[in-house]
Amino acid sequence: MKTLAGPASWSEEIRRSRFIVNAGRADSQADSLAFFEQVNKADASHNCWAYRIGQSYRFSDDGEPASTAGRPILAAIDGQGLDHIMVVVSRYFGGTKLGIGGLIRAYGGSAARCLQQADIVQIAVLHRYRVQVPFDRISKVHQLLGEYGATKDSEDYQQDGVTLRIRISRDQLQPLQQSLADITRGKARIRKLAD
């Protein structure tokens, strides 16, 4: 997943209107709304925004004609292939109407320019799994988790073995499964949990 390394901003004037863009990381809807509260300009004509968090997204035109601000901002986010991000574009109206096409280009373009100059990081998405292993192999399993970049959420001891709840990137799952099968002689069981 690509996301912002930190907050980014951009401002420009388009036909006498001032567009101020603020973008930041948002891992939940609450994060995105908190970011909006932090950066929106109370004296601006409009504070339009969009966020993308996995399959979840929302946008607002804040009084601009429908789909001329929020949707182009979202398109700029998606165009850069970014996730877990909130973008707010504040507009100070300068007296010249931009028209529907002009608004779409102004909001989408200024958001895109902000994101193009932002510092981007690649973050591995971790998925949740339940791993069941025999008692006598638990220390070796802990070692394997570290080797494959997995993190342990919990560890429960039962009568027939140990159950771990882990998080691991999808590309490391197959190698971990093979190693677990090797060290447990096929007795380890892995099941995907809801993310």
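Candidates in segment 98-117 are the residues that are farther than 14 Å from Pro7 by Cα and out of contact with any helix residue (DSSP H, G or I) (no Cβ under 9 Å at 6 or more places or on another chain); of these, the one that is surrounded by the most Cβ atoms within 10 Å (Cβ to Cβ) is Gly102. When you check Ala30 against the structure, is it hydrophobic (A, V, I, L, M, F, W, C), assigned by TED's automatic domain parsing to the domain that holds Arg113 and not in a helix (DSSP H, G or I), yes or no? In short, no.
Mind listing whichever residues of segment 62-101 are free of Cβ contacts under 8 Å to residues at least 60 places away in the same chain, closer than 20 Å to Gly24 by Cβ and part of a loop (DSSP other than H, G, I, E, B)? Within segment 62-101, Asp62, Ala69 qualify. Considering segment 130-146, the residues that are among the polar types (S, T, N, Q) and part of a helix (DSSP H, G or I) include one that is surrounded by the most Cβ atoms within 10 Å (Cβ to Cβ), namely Gln143. Of the residues Arg52, Arg91, the single one that is at pLDDT 95 or above, charged (D, E, K, R), over 23 Å from the mean Cα position of the chain (by Cα) and buried (at least 18 other Cβ atoms within 10 Å of the Cβ) is Arg91. In segment 21-49, of all residues being hydroxyl-bearing (Ser, Thr, Tyr) and more than 12 Å from Val88 (Cα to Cα), the one that is surrounded by the most Cβ atoms within 10 Å (Cβ to Cβ) corresponds to Ser45. Of everything listed in (1) in a helix (DSSP H, G or I); (2) aliphatic (A, V, I, L, M); (3) in contact with a His (Cβ under 9 Å, 6 or more places away or on another chain), the single unmet condition for Ile168 is (1). Annotation: Gly6 fulfils all but one of (1) surrounded by 12 or more Cβ atoms within 10 Å (Cβ to Cβ); (2) touching a residue at least 40 places away in the same chain (Cβ under 8 Å); (3) in contact with a strand residue (DSSP E or B) (Cβ under 8 Å, 6 or more places away or on another chain); the unmet one is (1).
The values are calculated or read from the model by the stated rules, or taken from the named source; none is laboratory data. A quick note: this is a predicted structure, and the numbers were derived from the prediction, not measured. Note: ideal-geometry Cβ built from the backbone for every residue, glycine included; neighbour counts use all protein chains shown.
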